[in-house]
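Asker: Pasting a structure here, questions to come.
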Amino acid sequence: MPMKLSAVLLLILLAAVPCTSAQRVDWDMKDAQVLSQPISSLPALDQQGIVRRLGVEPSELLAMRVETASGHIFLVQGKQYPGTTLCGNVNCKFWILSSNYKVLLKKVIETYKLQSTMHHGLPDIITSMHGSAFDSGLSYWRFHGTHYVRVACADAVYGDAEGNNFKNTHISPHPCGTGG
């Protein structure tokens, strides 16, 4: 009986501890990227598959193929130009698609950074969403077999309200909201 009670107490204690995965994430975004290659840089068959899946004009898309441990994926992002419906001021729609064009992640982001860590054969990824001149919201994503799931979140603050840039970005991990 004491063994069962201590196991129950351990489970209760573990459930009460907040998730600390955000603290273990390397939030370094120095090499973060936006896509720069037009979708026309991909083979015609891939262009057609992506455009058909997303229902977006090819002229509005940037895309690249990324080789992974389990094949390849496509990173696709809206092209920033006047009148586009895919981008706001700096944040654009962003997708990760499988080799057969299934959508694995769909978000609005400013930049992304592929990680060296992998889950189920696909790389983890950090996305950044521009908030203001001095801050961004960061999300850490892992592939869970069928799609990407957000597992950690943080705010990145680059400067203060007076326009002074910080020497080092201030990263504040926090629980992820339900929006994802």
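Asker: Could you go through the stretch 114-126 and let me know if any residue there is of a type outside the set (D, E), farther than 15 Å from Y148 by Cβ and in contact with a strand residue (DSSP E or B) (Cβ under 6 Å, 6 or more places away or on another chain).
Answerer: Taking every residue of the stretch 114-126 in turn, none turns out to be of a type outside the set (D, E), farther than 15 Å from Y148 by Cβ and in contact with a strand residue (DSSP E or B) (Cβ under 6 Å, 6 or more places away or on another chain).
Asker: Next question, about the same structure. When only residues in the stretch 146-165 that are modelled with pLDDT under 95 and loosely packed, with under 12 Cβ neighbours inside 10 Å count, which is farthest from the chain's Cα centre (by Cα)?
Answerer: By that ranking, first place goes to E162.
Asker: Shifting gears a bit: Out of the residues in the stretch 129-145 meeting the condition of being at pLDDT below 95 and of a type in the set (S, T, Y), tell me which one is farthest from V103 (Cα to Cα).
Answerer: Taking the candidates together, the pick is S132.
Asker: Mind checking which residues of the stretch 117-145 are of a type in the set (G, A, S) and more than 14 Å from the chain's Cα centre (by Cα)?
Answerer: G121, G131, S132, A133, G145
Asker: Sort out which residues of the stretch 44-63 are crowded, with 17+ Cβ neighbours inside 10 Å and aliphatic (A, V, I, L, M), and write them in order of number.
Answerer: Across the stretch 44-63, the qualifying residues are I50, V51, L54, V56, L61, L62, A63.
Condition check ((1) out of contact with any strand residue (DSSP E or B) (no Cβ under 7 Å at 6 or more places or on another chain); (2) among the β-branched types (V, I, T)) across all residues:
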position	(1), (2)
D135	no, no
L138	no, no
A152	no, no
V157	no, yes
A161	yes, no
N165	no, no
I171	no, yes
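Asker: Here's a follow-up. Answer yes if at least one residue in the stretch 100-121 is closer than 25 Å to Q47 by Cα, at pLDDT 95 or above, polar (S, T, N, Q) and surrounded by fewer than 14 Cβ atoms within 10 Å (Cβ to Cβ), and no otherwise.
Answerer: Yes.
Asker: Something else: From the residues in the stretch 68-77 that are of a type outside the set (A, V, I, L, M) and at pLDDT 95 or above, which one is farthest from L35 (Cα to Cα)?
Answerer: Checking each candidate, the answer is H72.
Asker: Among the residues that make up the stretch 58-76, is at least one of them in a loop (DSSP other than H, G, I, E, B), more than 29 Å from F166 (Cα to Cα) and free of Cβ contacts under 8 Å to residues at least 60 places away in the same chain?
Answerer: yes
Asker: Consider Y81 carefully, then state whether it is under 17 Å from S36 (Cα atoms), among the aromatic types (F, W, Y) and surrounded by fewer than 15 Cβ atoms within 10 Å (Cβ to Cβ).
Answerer: yes
The values are calculated or read from the model by the stated rules, or taken from the named source; none is laboratory data. Note that the structure is a prediction, hence the values are computed from the model and not measured. A quick note on method: Cβ atoms are made from the backbone with ideal geometry, for glycine too, and the neighbour counts reach across all protein chains shown.
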